[in-house]
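The block underneath contains the structure these notes are about, expressed in structure tokens.
The values are calculated or read from the model by the stated rules, or taken from the named source; none is laboratory data. All values derive from a computational prediction rather than experimental measurement. Positions of Cβ are generated from backbone atoms using ideal geometry, with glycine treated the same way; all protein chains shown enter the neighbour counts.
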Amino acid sequence: MTDACLLRMEGIAKRFGGTIALAGVSASARPGEVHALVGENGAGKSTLMNILSGALRPDAGAIFIDSRRVEMTSPHQASLLGVRAVHQDFSLVPHLTIAENVLMGKMPTRGRRRLWVDWAETNRRAHALLSELGFTGLDVRARVSRLSVSHQQVVEIAKALAEKPRILILDEPSAVLSKEELAVLFSLILRLKSQGTLVLYISHRLEEVFEIADRITVLRDGELVGTVRTTEVSQNDLIRMMVGRSVEEIYPPRPARQGDEVLRVEGLGRAGEFRDISFSVHRGEVLGMFGLVGSGRTAVARCIFAADQPTEGRILLEGKPIHARSPRDAVRAGISLVTEDRKRDGLVMSCSIRDNVSLATLRRMSRGLFLDRGRQDGLVGGKVRELAIRSAHIGMLVKTLSGGNQQKVVLAKWLLTSTRLLILDEPTRGVDIGAKVEIYHIITRLVEAGIAVVLISSEMPEVLGMSDRIIVMREGRQVAELGRAEATEERLLLHAAGVQAADPRRPQVKGTA
């Protein structure tokens, strides 16, 4: 990494109506550097990168590349200057193939007048590019609409790198990638770094930032807090810079007060997905479920919530078998599910906070055939205040909220149902550290009020920090159950990966916050 400055942004300001998104932010970065940009949702990270990539025009400030002032009037102009961005919202064309998306605008042609697309060469070049980047196993002739979200992310990255940019912006690239795909991405980033590419990396996952970044720039409330070398700060230091206060306990302490059994699952199975799952969860308890991608955790949750039907076994709620045929039946029985994809399954993004929170309890808010708007506003407003959902009013559209506040809206919806069992599938995915801490405190309050919680998470520190007991799944089977005292990151990973567990008499690697 050279000390020469490749990128300099000076006094960048941006306002949306009465909201100040950026207040004179200045930062610089070098070629061959991985430079992370962190901050809570709403801190201004994506706005700053959208300005750099030409998607937004700043109200004030200047951008310099190689000490020369440049104008980013559009993404195309930014691309010509060597800047490409991979945003959270993909820019792929769903009905086109992987190859067409990756090589869009530069597909090889054939014929005397070069009027026809050379499909064989197009597919060969796309396949070669994906292989070179380390992403193998994808059929470049497949339509993007048929790909998983993680594979769409891979295609988006390949599309950006096809331009061979000097500056690559990655905005939350790991949010939908598996552990294996993330390892490939990190290997690719290190290769780009060795070639002199500047990689600007935005992520809420601080462990990733510390693994991959050389320097870190912190934003808070649209202002620059500072830029630090990764080797000179700890995670706690960074959290303090991000949220403006010290977060001494990420996972709130909670005394073990296990009450009566709420849920019992006996020999549960669904053909082709999982089998022979048995466990129980009690009032005032958090039961963690951990496993690698494809282990079957979400499939189990969907069967308990009656979104899918099991093919064997039974489910008992407070000692009585239940035969819910739909999520509506499950909700009536007192079971709620916060899904892993809140935007697709948990919220109606084009509707207001009021309407989203009310979705599962409209009957409670009605008088006869008519909705009682006053009662609705009272109930919704109460939950908004209780969960500290940050919004100007409950009529705000959910799509305008940060990820953490969107997740709180999902929680508010289910808490109005007087739930007895709350299943949380990846409850903090895509939210910043400050929102994570708030969600952990909400979960703790719910458990202390007697609600039974099943917590499904891919983040080992989260499972270890929040759970009283942990079930580990692998390839659709339940392979271990660990108490809080015996659970460690090493043991969870050994069980999840199918490796012989370590000797319990040997020192174990403790989970960290």
Within the stretch 141-163, the residues that are basic (Lys, Arg) and in contact with a Phe, Trp or Tyr (Cβ under 8 Å, 6 or more places away or on another chain) are none
Flagged in the stretch 89-140 as surrounded by 14 or more Cβ atoms within 10 Å (Cβ to Cβ), β-branched (Val, Ile, Thr) and more than 19 Å from LEU161 (Cα to Cα), in numbering order, are VAL117
When restricted to ALA333, ALA306, ALA301, the only residue touching a Ser or Thr at 6+ places or on another chain (Cβ under 6 Å), within 18 Å of SER280 (Cα to Cα) and hydrophobic (A, V, I, L, M, F, W, C) is ALA306
Across the stretch 248-276, the tally of residues that are aromatic (Phe, Trp, Tyr) and within 23 Å of THR444 (Cα to Cα) stands at 1
Taking the stretch 225-243 and keeping only residues that are in contact with a Gly (Cβ under 9 Å, 6 or more places away or on another chain) and outside any helix (DSSP H, G or I), one is left with VAL225
With criteria (1) of a type in the set (D, E, K, R); (2) under 27 Å from LEU182 (Cα atoms); (3) surrounded by fewer than 17 Cβ atoms within 10 Å (Cβ to Cβ), ARG297 comes up short on (3)
Filter the stretch 200-224 for residues that are among the basic types (Lys, Arg) and outside any loop (DSSP other than H, G, I, E, B); the one that is nearest to THR428 (Cα to Cα) is ARG220
Going through the stretch 420-430 in order, the residues found to be at pLDDT 90 or above and either buried (at least 22 other Cβ atoms within 10 Å of the Cβ) or in a strand (DSSP E or B) (or both) are LEU421, LEU422, ILE423, LEU424, ASP425, PRO427
message = So, LEU397, is that one in contact with a Phe, Trp or Tyr (Cβ under 9 Å, 6 or more places away or on another chain) and either modelled with pLDDT of 90 or more or in the same structural domain as THR19 (by TED's automatic domain parsing) (or both) or not?
response = no
Of the candidates LEU238, LEU224, LEU188, LEU200, the one satisfying the condition of being outside the structural domain of VAL454 (by TED's automatic domain parsing) and in contact with a His (Cβ under 6 Å, 6 or more places away or on another chain) is LEU200
Flagged in the stretch 1-60 as over 28 Å from THR231 (Cβ atoms) and hydroxyl-bearing (Ser, Thr, Tyr), in numbering order, are THR19, THR47, SER53
Being more than 21 Å from the chain's Cα centre (by Cα), small (Gly, Ala, Ser), assigned to a loop (DSSP other than H, G, I, E, B) and closer than 28 Å to LEU464 by Cα: is that true of ALA360 here? no
Could you please let me know if PHE279 is surrounded by fewer than 21 Cβ atoms within 10 Å (Cβ to Cβ), in contact (Cβ under 8 Å) with a residue 24 or more places away in the chain and within 23 Å of LEU446 (Cα to Cα)?
yes
Being closer than 22 Å to GLY450 by Cβ and more than 22 Å from the chain's Cα centre (by Cα) narrows VAL338, VAL410, VAL331, VAL384 down to just VAL331
*Is there a residue being among the acidic types (Asp, Glu), farther than 30 Å from SER28 by Cα and surrounded by 14 or more Cβ atoms within 10 Å (Cβ to Cβ) anywhere in the stretch 141-161?*
no
Note on the stretch 43-60: residues crowded, with 21+ Cβ neighbours inside 10 Å, out of contact with any helix residue (DSSP H, G or I) (no Cβ under 9 Å at 6 or more places or on another chain) and assigned to a loop (DSSP other than H, G, I, E, B) are GLY44
Scanning the stretch 431-469 residue by residue, the ones that are touching a residue at least 40 places away in the same chain (Cβ under 8 Å), aliphatic (A, V, I, L, M) and part of a helix (DSSP H, G or I) total 10
VAL472 passes all but one of the listed conditions (1) part of a helix (DSSP H, G or I); (2) more than 30 Å from GLY18 (Cβ to Cβ); (3) of a type outside the set (Asp, Glu); the exception is number (1)
Being at pLDDT 90 or above, within 21 Å of SER280 (Cα to Cα) and buried (at least 20 other Cβ atoms within 10 Å of the Cβ) narrows LEU411, LEU455 down to just LEU455
Looking across the stretch 475-496 at residues that are among the small types (Gly, Ala, Ser) and in a loop (DSSP other than H, G, I, E, B), the single one that is surrounded by the fewest Cβ atoms within 10 Å (Cβ to Cβ) is ALA485
Being crowded, with 18+ Cβ neighbours inside 10 Å, more than 30 Å from LEU401 (Cβ to Cβ) and in contact (Cβ under 8 Å) with a residue 60 or more places away in the chain narrows VAL331, VAL262 down to just VAL262
For the stretch 346-374, pairs from a residue that is buried (at least 18 other Cβ atoms within 10 Å of the Cβ) to a residue that is among the basic types (Lys, Arg), with Cβ under 8 Å and 6 or more apart or across chains, are GLY346/LYS413; ASN356/LYS413; VAL357/LYS383; VAL357/LYS413; SER358/LYS413; ALA360/LYS413; THR361/LYS413; MET365/ARG375
Over the stretch 375-395, the set of residues outside any helix (DSSP H, G or I) and surrounded by fewer than 17 Cβ atoms within 10 Å (Cβ to Cβ) is ALA388, ARG390, ALA392, HIS393, GLY395
### Query
Does ALA324 satisfy the condition of being in contact with a helix residue (DSSP H, G or I) (Cβ under 7 Å, 6 or more places away or on another chain) and either among the basic types (Lys, Arg) or at positive phi (or both)?
no
